[in-house]
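Here the structure comes first, spelled out in structure tokens, and everything after it is commentary.
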Amino acid sequence: MNIIFVLGSERLYSDLTRKYANRTEDRVHVIKLDKSSGCVDRDEAYMKLLRQRQIVNYFFGTGDETSLASTSLTADSGDLCVYRVVGCKFPLTMFTVHTSN
């Protein structure tokens, strides 16, 4: 038995009911669920602000050490040593990908 639950969208419920009404095999039941009175639709401006905050929290953290965040390190150019390998031949096996099953 196939069941589709539709939450709070009369149009989607009507469209799906019409689409699956004539199926004889693999019947699909469409069930409409009403939203809870505590559910609130968010406007586009709020969702945009929420996405921007999530991006900032990802890159700069929230102060919580357990949160997933990228990190960056800053160093003076005088503290860096850059090496260049010239004229060295590497074995081809060094560039093969080894996978374990």
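The values are calculated or read from the model by the stated rules, or taken from the named source; none is laboratory data. Bear in mind the structure is a predicted one, so any value in this text is a computation, not a measurement. Using ideal geometry, Cβ is built from the backbone for each residue, glycine included, and neighbour counts are taken over all protein chains shown.
Structure values in brief
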{"quantity": "I31 under 30 Å from F5 (Cα atoms) and modelled with pLDDT of 80 or more", "calculated": "yes"}
{"quantity": "Flag if S36 is in a loop (DSSP other than H, G, I, E, B), among the small types (G, A, S), out of contact with any Lys or Arg (no Cβ under 6 Å at 6 or more places or on another chain) and at pLDDT below 70", "calculated": "no"}
{"quantity": "Residue list for region 27-41, filter: over 18 Å from L12 (Cβ atoms) and under 26 Å from the mean Cα position of the chain (by Cα)", "calculated": "G38, V40"}
{"quantity": "Matching residues, region 5-55, being of a type in the set (G, A, S) and exposed (fewer than 11 other Cβ atoms within 10 Å of the Cβ)", "calculated": "A21, S36, S37, G38, A45"}
{"quantity": "Any hit, region 22-30, residues being assigned to a strand (DSSP E or B) and among the hydrophobic types (A, V, I, L, M, F, W, C)", "calculated": "yes"}
{"quantity": "For A69: the one exception among (1) at pLDDT 75 or above; (2) surrounded by 10 or more Cβ atoms within 10 Å (Cβ to Cβ); (3) hydrophobic (A, V, I, L, M, F, W, C)", "calculated": "(1)"}
